[in-house]
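The values are calculated or read from the model by the stated rules, or taken from the named source; none is laboratory data. What you see is a predicted model, and the numbers here were worked out from it, not measured in a lab. Ideal geometry is used to build each Cβ from the backbone, glycine not excepted, and the neighbour counts take in all protein chains shown. We work out accessible area using only protein heavy atoms, side chains counted, and drop any ligands, DNA or RNA first. Shrake-Rupley method; radii C 1.70, N 1.55, O 1.52, S 1.80 Å.
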Amino acid sequence: MPLRPTKLKRLNGNRIQLMESQTDTDKKMTPEPPDQANGSRLRRLLKLPAFWPISGLALCVLAALSIWLGPPVYQKLKYYRAEQLISNAEQALQLDNQSWAFQAAQASLSLRSGNYRALRIIAIVLARTDSVQALTLLQQLMNHEAATPDDISLYKKQALRLALLFNRPDLASSLLPHSSDEAESTDDEYAELVARFHQNYGLASDAIPWISRSIQLRNNPTSSNEFDLQKRIDLIQLALQQNSATGGRLQFRNLLWDLTFQTNPPSLESARLLAASGDLSNDDVQVLINLFEQHPEAGFQDKLTAVDLKLQRNPEEEKRILTDTLYRFGSALAAETAETTASLGAKQQIQLPVAEPSTQEMELDRRIRLARWLNRHGEGERVSRLFALNEAYENQDVALVILDGLAQAGKWKEVEALLSDKNLKLELILRDLYLARASGELGYKTSYELSWDTIESTAIDRPRGFWYVAEYARVMGEYRRAETLYRRLLEFPSVRWKSYLALIQIGEMRGATADLLSIIQEMRGDFPDNNSIENDWAYLSALLDQSIPEALKTARQLVSNYPKLPAHHVTLALCLLKSGNHAEALEALDQIGLDWTLALEGWKAIRINLLKSANRLQEAQALEATLNRDSLKPEELELLE
């Protein structure tokens, strides 16, 4: 049957006539080859264009190119993102946003491992937060090929600071300058850290040049440097406390004078320490008096310090100076003689005189400070005239200074009567402490023991309160009771170290070296990795002729591990001396290179013994002339015989 022609169709305004011919029909009816037919069906199924073999080949080429070029492109994208993050981290660090800086640096490091800039920021943030993890990282970065000289200096300072913080003398000693050129290139912060190292683990005299250098490097100081200034003052104060040699103290005081007048206005903190250091000339005293009286920032306590200096310069005029001072500060009533005011008697007679208007107008804090100052100068009888009784009912500090004044004046009956007043503003434990002291002074043995038992039972579950009680007992000279209290405090980890140090202090006061060794032996068990304790144990063992072989082994190990610490060399020398090896012992001391006139007294005794055994008598006599025998332990004194 013949096919009908198709209709004409209009498409986009164009007439298109599609005529189907028999030929075309025949072509459609002709079967295709199997492969071609399958391909056509697949093309129709997938709706591919007629030129699909060519486009498929292009896709294969593109796939191959993506496989070949993909990794480099991906790596470049990761690198770009890592750089973005590290730039953000550096900006955050400049803005002191340490949390964001740390997170961004960590994210950058995850995209690009080994990124020095990211590691640098992480190390700085960890160091600023006093993390022990920073120590290892800082050491690694010091040897990094990308580290600049400024970076290395920063890492070394931070690592040294953390090593001192975490009591790592082995690591700290490796971070000290090893040459004069390196020492000359130090900045003030690094010089201060080196000084602190010598202060903690060596000799106070070794710290002097570093403190001096730290001060000299502070160019054009301003008030913004006050915190740094305070740290240097603290260093010098520690040095003054530890160094009893006249020459050493003079050097430290000279540094304090430099610090005092290095700022504008002069530093009150260093001036206060100078005033407390003693051994000042009359001219120096007058300079400090003028400073405290005229300084624009001087407080009430500084004015009292100026009076202290006047008393130091003119001790024979004490009564006049005290009276003039009290009138000057508006306390005419307290300036009156003791006989003009009735003393406190029994409970019903307790009547503190009402202070005159000028005294009442003086702010309470100033009157409390003035009262403490009077107590310190043995003028406790004047204290009660600074306050009305109702103020002792309302303020515990007022009650305490009044009680201290009465105690200082020896008026224990009045103390007892005042303590019995339930309206007195005073914590129960403080009331019991004063009552125990009053009972002891008045000879009430039963009441005394009962008061102490009450105190101990009240404070046992409160380490801070118990610590206060133990300290009070020690100050009162109740060493046996204080020792018992400190030993009970060893049960509390928060105060265990402090309690051991307090026990050592009591042992030092008693002069019982065997007790000290026993305490140190206990500390070895509680703090097994503390090298200072190990050194003390070896020193005291050798001093008492106990466990010499083990002590010698410990001393040798400490010197091997920390060769720059003088204390370890001295301990080794003592152990060798006790072993009979005097020549090696003296060699161990000679290697330190110390100024022995500024050394600790016990160290001097060991060296004098060894110098005499080596027939270096002139050196021994010169060093012995600088020795303070009162500071020696009995066993150290025996070394001089």
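Taking 1.567 mPa s as the viscosity and 4 °C as the temperature, the Stokes-Einstein diffusion coefficient of region 451-579 based on its alpha-carbon Kirkwood radius rounds to 82 µm²/s. With contacts taken as Cα pairs under 8 Å and at least 6 residues apart, region 378-432 reaches a relative contact order of 40 percent.
Per residue, the convex hull spanned by the Cα atoms of region 517-590 measures out at 70 cubic angstrom.
As a rough guide to protection, the peptides 84-96, 266-278 ranked by mean Cβ packing within 10 Å, highest first, stand as 266-278, 84-96.
Here, region 568-633 has an Rg and a Dmax of 10.9, 29 Å when only alpha carbons are counted. Among the protein heavy atoms of region 74-151, carbon and sulfur supply 49% of the accessible surface, probe 1.4 Å, non-protein parts ignored. Once a ≥ b ≥ c are taken as the square roots of the eigenvalues of the Cα gyration tensor of region 388-470, is the result rounded (a/c under 1.5), prolate (a/b larger than b/c) or oblate (a/b not larger than b/c)? Judged from the Cα gyration tensor, region 388-470 comes out oblate (a/c at least 1.5, b/c at or above a/b). Global dimensions of region 399-524 from alpha-carbon coordinates: Rg and Dmax equal 15.8, 49 Å. Ordering of 432-439, 618-625 by packing is 432-439, 618-625, highest average first (other Cβ atoms within 10 Å, averaged per residue).
With protein chains left intact and a 1.4 Å probe, residues in region 572-624 average 42 Å² of accessible area per residue. The accessible-area ordering, largest first, of the residues 509, 523 stands as 509, 523, per a 1.4 angstrom probe.
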